[in-house]
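The values are calculated or read from the model by the stated rules, or taken from the named source; none is laboratory data. All values derive from a computational prediction rather than experimental measurement. So basically every Cβ, Gly included, is an ideal-geometry build from the backbone, and we count neighbours across all protein chains shown.
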Amino acid sequence: MYKSRLCASSPQDIDVEHRGTSKSAVSRRFVAMTQARLDEVRQADLSGFDLAVLMVDGLHIDKHVVLVALGIDGEGRKRVLGFHEGATENARACKELLGNLQERGLPMDRSTLVVIDGSKALRKAIGDVFGDRAVVQRCQVHKRRNVLDHLPESKKERIGLAMNQAYRSSSASTARKLLLNIARSLEKEHPLAAASLREGLDETLTVKGFRLPAALSRSLSTTNPIENIQGGIRRVCHRVTRWRGGAMVLRWGGAALTEHSRGFRRMKGHVGMPRLLQILRPRDATGGVARKAANG
């Protein structure tokens, strides 16, 4: 009997025992092991998870995009909730991911901060599943990228810095004024960039309007916690030289997520989570009044 590793690059690599020595036997057991890790992510019971924040974003593995749902509980603990093939621009894939979370018992009957990349398909899917209980924060990093994609190289650095400065403002109202000023400055020569900046602008400032502690506000204003997972996936998957379709991508990605999540630390700024809950929980009884007051 001997062991083979999913990726032999760190002590945390995934081990699988083999009782046969043929390549086909090793391959079959390896496929079974990685499928088991994927099932562990995609079928786990979520009914006991105290959901406060849901983040959804797409990860690129080879030529495929997979949707990752990351949950954060009331004490700032992170958990990978779902893993589904499909881009955030794909409405069907988005609804299938959210539907899977709902079927597995994820609490969706109370107000939840939902942080997304800003795609219209994902935004609609969130609204269809959560309804008014979704308090949406669009990722500021994605918004910045989308705007800069419409600009020539000569203007990207200046506009990018101006947007960063606006998002670092002390209040949501100040940030909004600065961002609208940037949009007006782009209107004549770069109308697509201006339109991109205005689209969903207020939802990029949702968290800033809550006046949370600075560290938590930064953590919840982007989908960076999911993007950071990419590093863990790359460390496990970097030795794959030939991907054989979406099923293999999902199996390896699921195994990598399982390994990476073992090292999860609590959300940066988690000591401010009680303040977020003070805003979210009364909202269910007041029909959104708490949120409006926080943004006022």
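Residues in region 168-193 that are over 26 Å from Arg218 (Cβ atoms) and in contact (Cβ under 8 Å) with a residue 12 or more places away in the chain were compared, and the one that is surrounded by the fewest Cβ atoms within 10 Å (Cβ to Cβ) is Leu192. For region 106-155, filtered to residues that are among the small types (Gly, Ala, Ser) and within 15 Å of Ser196 (Cβ to Cβ), the residue that is modelled with the highest pLDDT is Ser119.
In region 134-167, of all residues being surrounded by fewer than 16 Cβ atoms within 10 Å (Cβ to Cβ) and under 20 Å from Leu212 (Cβ atoms), the one that is nearest to the chain's Cα centre (by Cα) corresponds to Asn164. Which members of region 119-133 meet the condition of being touching a Cys at 6+ places or on another chain (Cβ under 6 Å) and of a type in the set (Gly, Ala, Ser)? Selection gives Ala121, Ala125. Each residue in region 195-211 was checked for being under 18 Å from the mean Cα position of the chain (by Cα) and hydroxyl-bearing (Ser, Thr, Tyr), and 2 of them qualify. Pairs meeting the criteria (first residue in region 134-161 and in contact (Cβ under 8 Å) with a residue 60 or more places away in the chain and assigned to a loop (DSSP other than H, G, I, E, B), second residue of a type outside the set (A, V, I, L, M, F, W, C) and surrounded by 15 or more Cβ atoms within 10 Å (Cβ to Cβ), beta carbons under 7 Å, at least 6 apart or on different chains) are Cys139/Asp117; Cys139/Gly118; Cys139/Thr222; Cys139/Thr223.
Each residue in region 7-31 was checked for being loosely packed, with under 12 Cβ neighbours inside 10 Å and modelled with pLDDT of 70 or more, and 0 of them qualify. Scanning region 78-94 for residues that are more than 17 Å from Leu46 (Cα to Cα) and not β-branched (Val, Ile, Thr) yields Glu85, Gly86, Ala87, Glu89, Asn90, Ala91, Arg92, Ala93, Cys94. If you go through region 219-242 and keep only what is in contact (Cβ under 8 Å) with a residue 24 or more places away in the chain and over 19 Å from Val41 (Cβ atoms), you end up with Ser219, Leu220, Ser221, Thr222, Asn224, His238, Arg239. Within region 95-121, residues that are under 20 Å from Glu227 (Cβ atoms) sit with their Cβ atoms under 6 Å from residues that are part of a strand (DSSP E or B) and among the acidic types (Asp, Glu), at 6+ positions apart or across chains, in these pairs: Asp117/Asp57.
Taking the criterion of being surrounded by fewer than 20 Cβ atoms within 10 Å (Cβ to Cβ) and touching a helix residue (DSSP H, G or I) at 6+ places or on another chain (Cβ under 7 Å), the residues of region 60-74 that qualify are Asp62, His64, Gly74.
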